[in-house]
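Presented below is the structure to which this report refers.
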Amino acid sequence: MAAGPAQAQFWQCAPFARMLSGIQLRGNASSWWAQAAGRYLRGHLPQVGAVLAFDATQRMRVGHVATVSRVVSDREVLLTHANWSRRGQVETDARAIDVSAAGDWTRVRVQFGGAMGTSSYPTRGFIYASRAIAATDGAADAG
């Protein structure tokens, strides 16, 4: 994982994703999906610059958000995010694989440190940096 200038400070995932993506949502990562409704386009197709919104779980009580830095395939992306493998640290181009049965990015495995993680995590989908006016390509909805 490459270190960037942002790595010099302690980062939480939400402020880092907000800075990187330009998506102006606040609060716990688990609330971003609902907050984005009507404000930003949301959907289930990965796009560079979109934020993948993770649900809260017992192990991840406030959820997680990560920004897509590269789309590798329809079932694999690279994420840039903070506070995942090492507390407060930024990771660049961490692999994430869609392991959902429907191929809709509602469950993912994410690289943890240098290796692919063995746990899978529930996600809501992608929040796109575009403001919600109208979905033009079918890749996103406004709700």
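The values are calculated or read from the model by the stated rules, or taken from the named source; none is laboratory data. Keep in mind that what you see is a predicted model, and the values were worked out from it rather than measured. Note: ideal-geometry Cβ built from the backbone for every residue, glycine included; neighbour counts use all protein chains shown. Side chains included, ligands, DNA and RNA excluded: accessible areas come from the protein's heavy atoms. Shrake-Rupley method; radii C 1.70, N 1.55, O 1.52, S 1.80 Å.
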Query raised in the report: Pick from the range 68-84 the residues that are without any contact (Cβ under 8 Å) to a residue 40 or more places away in the chain and not β-branched (Val, Ile, Thr): which of them is least open to solvent (accessible area, probe 1.4 Å)?
Result: Leu79
Query raised in the report: Which residues, counting only those in the range 123-143, are open to solvent by 30 Å² or more (accessible area, probe 1.4 Å), of a type outside the set (Lys, Arg) and at pLDDT 80 or above?
Result: Ala129, Ser130
Report task. Output yes when any residue across the range 36-54 is open to solvent by less than 60 Å² (accessible area, probe 1.4 Å), within 19 Å of Arg131 (Cα to Cα) and part of a helix (DSSP H, G or I), and no when none is. Result -> yes
Report summary line: Of the residues in the range 88-111 that are farther than 22 Å from Val48 by Cβ and without any contact (Cβ under 8 Å) to a residue 60 or more places away in the chain, the one that is most open to solvent (accessible area, probe 1.4 Å) is Ala101
Query raised in the report: Since Thr57 meets every condition but one in (1) within 21 Å of Gly22 (Cβ to Cβ); (2) not small (Gly, Ala, Ser); (3) not in a strand (DSSP E or B), which condition does it not meet?
Result: (1)
Query raised in the report: Only one residue in Val108, Val68, Val72 is modelled with pLDDT of 95 or more, out of contact with any helix residue (DSSP H, G or I) (no Cβ under 8 Å at 6 or more places or on another chain), in a strand (DSSP E or B) and within 19 Å of Arg18 (Cα to Cα), so which one is that?
Result: Val68
